[in-house]
Ligand code: CTP
Ligand code: MG
């Protein structure tokens, strides 16, 4: 079954206000119409998509760089759909989904359930049942009550078989109807209902943009990464602290605190994710409080700052660069300790080690370097 999609985007968005029609305004950096088109391109790869635009919006549409057919809409939504149906005539589609550009959050599952229903139904649309008690009113006064079980809020995409819908539209003449299911029903088709999706709301009023941003933030979290790098000089010593683990290999790291280069690099990576500067700003080496300090407290402070910035760490990857000590025998303990400090499962922490082929200060054994990348989920 070859499917065509008509996305009607020719309205003026009077109720939403703003400096442009609502379908060209952005939600989290992407235009509403671009999101809507993408939803169908991803759900139905290879389908024929036609966007019906207003003649005044050609430049705005071109700026989005969308790869779709276009048609020019009319003064009513009905006229715009008709233009879309005409534009799909040459595409030889069997079925057609008609969708409001102003519903960018249509899910793949909803699109599929309308299409599935169409295998057995003449027409199908998603609709939401009512939870509040319903009443009728006029001029600010109640005139009666309605049976909640018999009332639904219609959504799109509404699905049809192409030819019968074309015929229904030609029988309609110049009249305008509020949606395509009504056109189909007026032509005698049976219209089946599938469960609508509250997330698939139509951006209609100014406050809907805020609602959309909030919803997106919850469903599409933002991830940030921070990176850190640290070096400490190596000397003969009984004990070395590295990645929160005590190593007895005849070598130690020289520094003001316990000189744990692994934890310092990780602390800097966490500070990077938090947008909070670097470890030296928070724990200046000149401050006697940090003399011999255990570096896990630096990391805990960085995690606290990340929390204040609305973030939580989700992954850490650390690379130790040295000829000696051998990291391998301590890798599991390091991973364990860092997972503990970060409050992460083991699988979200990785420790790597490498030498530098005897090159440079690490190759000559003068010092040990550590790099870290921390990934955080924000908001
Ligand atoms: N639409 C259209 N052609 C029209 C009117 C509406 O293509 N002449 C489209 C809109 O672009 C929108 C969808 O139909 O994607 C649903 O309509 P609505 O939410 O009412 O959008 P607008 O008509 O643009 O908004 P308003 O009624 O507030 O002016
Ligand atoms: Mg309208």
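Tabulated data for the structure shown
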read-out: Zero-based 5 Å bins, Cα pair distances in the stretch 133-215, whole percents; value: 3, 10, 16, 14, 16, 19, 14, 7, 1
read-out: Percent of beta bridges antiparallel (DSSP, the chain, rounded to nearest 5); value: 60 percent
read-out: Radius of gyration and maximum dimension Dmax of the stretch 222-378, Cα, Å; value: 14.7, 45
read-out: Over the chain: Rg over Rh, Cα atoms, Kirkwood Rh; value: 1.21
read-out: Tilt relative to the chain, helix 77-87 - C-alpha long axis, 0 to 90 degrees, to 10; value: 80 degrees
read-out: Crossing angle, helix 207-219 versus the chain [Cα axis fit, 0-90 degrees, rounded to tens]; value: 50 degrees
read-out: Ranked by how many other beta carbons lie within 10 Å on average, peptides 66-72, 177-183, 144-150, 229-235 from highest; value: 177-183, 229-235, 66-72, 144-150
read-out: On Cα atoms only, tilt of 162-172 relative to the major axis of the chain in degrees; value: 50 degrees
read-out: Percent of beta bridges antiparallel (DSSP, the stretch 90-217, rounded to nearest 5); value: 75 percent
read-out: Highest to lowest packing among 118-126, 343-351, 134-142, scored as the average C-beta count within 10 Å; value: 118-126, 343-351, 134-142
read-out: Within the chain, helix-based [θ] at 222 nm, where runs of 4 or more DSSP H residues each add -39,500 (n - 2.57), nearest 500; value: -9000 deg cm²/dmol
read-out: At 1.306 mPa s and 10 °C, Stokes diffusion of the stretch 3-219 via Kirkwood alpha-carbon radius, µm² per second; value: 89 µm²/s
read-out: Residues 319, 204, sorted so that the one with the fewest Cβ neighbours within 10 Å comes first; value: 204, 319
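All of the numbers you see were taken from the coordinates with simple rules; none came from a lab. For clarity, every value in this text was computed on a predicted model and none was experimentally measured. Every residue, glycine among them, receives a Cβ derived from its backbone with ideal geometry; neighbour counts consider all protein chains shown.
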